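Taking it in order: structure first as structure tokens, then the write-up.
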Amino acid sequence: MTVKTAIENDSLPPQMPGEKVNQIFGAGEMAERTRTLDWASTPVGPIERWSAALLTTVNTLLASRHPMFLWWGEELVQFYNDGYRPSLGEDKHPAALGQRGKECWPEIWPIIGPQIEAAMKSGESSWHENQLVPILRNGKLEDVYWTYGYSPVRDLDGQVQGTLVVTTETTGSVLAKRELQQERRRLADLFQQAPAFFASIRGADHVFDMVNPPYQELIGHREILGKSVREAVPEAEGQGFIEILDGVYRTGKPFIGRNTPIKLARTGSQSLEMRYLDFVYQPRRDQNGTVSGIIVLGVDVTDSKRAAQVLLQTEKLAAVGRLASSIAHEINNPLEAMTNLLYLAQQAAADPLTKEYVMAAEAELRRISVIANQTLRFHRQSTHQRLVTLDELIEGTLSIYLSRISTSMVRVERRERAKRPIMCFDGEIRQVLSNLIGNAIDATKSKGGRLLIRSREGTDRKSGRRGVFLTVADTGSGMSADSLAKIFEPFFTTKGIGGTGLGLWVSREIVGRHHGYIAVKSRQATEKSGTTFVVFLPCDSAPRGETA
Ligand code: ADP
Ligand code: MG
């Protein structure tokens, strides 16, 4: 190699006496090193023999503060400036100066070698952005990113003699960008996975930019990206939400909604479903601080709201229970007193008309007693449980209704087979029977019809418990779906002042206390209307004590 170089150097024009001496300019470290290196021992030969092209290029390179690197000649002998030095690290600097390319960069020569050779051959330049070129630096192989350009350097004859590399290390910005991307992805993931709903909308028309799955879930799965709120959620119009969005967009003031009801077409446009939301409309601003959109963030609190309503309902029931219990207590004593007084009055009355009046008053009073007992009795202290058969209870209850039944067009059918006694507060179960039979008669009496009362032993399919089933079925008016949904609520009645709306509510409480349940089926259809109540009472479990 040295031999060949010597020949090449010999072929350079000999230096003429008096000719200007080639000089390396500049005061930096690399200028100094370049000046003092023993170039004669390298393929490019001593500085005095360098071609004008090499000398100019090297001086330009040394004068530049942009990191630059030069490969020169067939052996790709290296030059670089102070700007480039830090990229080399202690391992390569200063040995790289004057070194052959492939000796300096064994670890990356397979990457850059062909690039340099191609540039030399074709005379074309190349440009590489943010390329990972790992280099040995500070004692280890480091991942380093570079943006660099290769440019051919020609001699005076136009022959490509070298490759100039102007480069910038971009490791910092590449890593920063990558971090940013990861950060963005993390944020995006966060929005996607957040238990809160999130939507980003832009512009005065409120166009959906981005929504997460809980938001999609909330509004039902419809296409909304790229659409305005008006288009995508048309039912929001007329519920005040568009106006609020307009306000937030105009004023830049956030809006916070709590427990806000919204009707949403979640399952298609026909039916609207009420949801309750805690949410915020937060204005989004551009760099100039102008409002450019709105962030919607919130949670669907419908379930917890419903839970709160149920709790409220339960509290109401408890209050009604206490009220009923105290009324029963307050009423019963005077009723008993009045009954006794009327008895005495009847005995004492001499005049037959007075006697008749008193008897009529007594009858009305008995009615009051029955009503008070039917509706309120279950709240009275009933301490005694008894073993009784359902047949016994049905028999006793029906006897109260015999006169009503005989004066109506109701035909009673009885099918009783439950011979097994159950442990219960018999008065309470009698009250349930009384309520069901009373209701059935009410529903049937105007047109006439059948009333079926049946009992049997059996196993409850859901729980597997043994017990007795009581069925009270009628061919009466039946119930609408709306009524059916409410019949167990206290004070729900369709009988005006003729009803209390407490019968079924009380019945369900009683049956619940006996660990059983009431089920109901009803329909309204010409010729086929009717209602069936089924009560299940288990044999094996003793009822709970008094609750009120
Ligand atoms: P009330 O009898 O005082 O109205 P209930 O709680 O006993 O109160 O019954 C509530 C409502 O349920 C009744 O007003 C009636 O509308 C409906 N209902 C109950 N039983 C029947 C039935 N067998 N047929 C039709 N409707 C019934
Ligand atoms: Mg009733």
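The values are calculated or read from the model by the stated rules, or taken from the named source; none is laboratory data. Quantities reported herein were computed from a predicted structural model and do not represent experimental measurements. Note: ideal-geometry Cβ built from the backbone for every residue, glycine included; neighbour counts use all protein chains shown. Areas reflect the complete protein model, heavy atoms only, side chains present, ligands, DNA and RNA absent. Shrake-Rupley method; radii C 1.70, N 1.55, O 1.52, S 1.80 Å.
A few comments on the model shown:
- Spacing of the two label points (7 Å from each Cα toward its C-beta) at Ala204 and Val299, in nm: 3.7 nm
- FRET E, pair Thr36, Arg184, Förster distance 60 Å, beta-carbon r, rounded to 0.05: 0.70
- 15 Å beta-carbon shell around Arg185, net charge (K/R +1, D/E -1): +1
- Take the chain with all the other protein chains still there, run a 1.4 Å probe, and you get 56 Å² of accessible area per residue.
- Sorting the segments 340-348, 24-32 by their residues' average number of neighbouring beta-carbon atoms within 10 angstrom, most packed first, yields 24-32, 340-348.
- Within-14-Å neighbourhood charge of Thr260 [Cβ basis; K, R +1; D, E -1]: +1
- Apolar share of the accessible surface for the chain: 55 percent from carbon plus sulfur atoms, 1.4 Å probe.
- Ellipticity estimate at 222 nm from DSSP helix runs (n ≥ 4, -39,500 (n - 2.57)) divided over the chain, nearest 500: -13500 deg cm²/dmol
- Measuring with a 1.4 angstrom probe and ignoring ligands and nucleic acids, Lys419 comes out at about 130 Å² accessible.
- Rounded if a/c under 1.5, otherwise prolate or oblate - region 92-177, Cα gyration tensor axes: oblate
- Gyration tensor verdict on region 332-476 (Cα atoms; rounded if a/c is under 1.5, prolate if a/b is larger than b/c, oblate otherwise): oblate
- Largest accessible area first, the residues Val291, Val144 order themselves as Val291, Val144 under a 1.4 Å probe with ligands, DNA and RNA left out.
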